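Asker: What follows is a single structure, and I will ask about it in a moment.
Each reported figure results from applying straightforward, stated rules to the coordinates on display, with no laboratory input. The model shown is predicted, which means the values in this text are computed figures rather than measured ones. Glycine also receives a Cβ, built like all others from the backbone with ideal geometry; neighbour counts cover every protein chain displayed.
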Amino acid sequence: MRPLDRPFTMGQLLTLQSDTATVLIYGKRYDIPVSVSENRFLTTIAKDEIVLLPVNFERTRLLLDIPETSPHLERELKDFADSDESVKDLLKEGV
């Protein structure tokens, strides 16, 4: 496992409550507070089998405003999927 040397990492959405999202990051569960609008958004996308979310380095908040074209996002998704596919292809597949 590589060290976390980036300003954010990816977490897999496990459960969603009205005010928190539980995500799995490197085998550990984190309860992250979510706003009403974040909850609505996550409720919509939580129907997918696997949902990956960008989480700040301290694991205290979701970073849902990162653009798809972010080089950091591309590196994190490629590391997670261990793939040479493009970010857009990974996002379409749901990783």
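Asker: Using mean Cβ contacts within 10 Å as the protection proxy, how do 57-67, 13-23 order, highest first?
Answerer: Most protected by this proxy first, the peptides run 13-23, 57-67.
Asker: Same structure, new question: What net charge do the residues around Pro33 carry, taking every other residue with its C-beta under 13 Å from that of Pro33, with Lys and Arg at +1 and Asp and Glu at -1?
Answerer: Taking every Cβ under 13 Å from that of Pro33, the sum is -2.
Asker: Let me ask another. Using the Cβ atoms and a cut-off under 14 Å, what net charge is assigned to the surroundings of Thr20, where Lys and Arg are +1 and Asp and Glu are -1?
Answerer: 0
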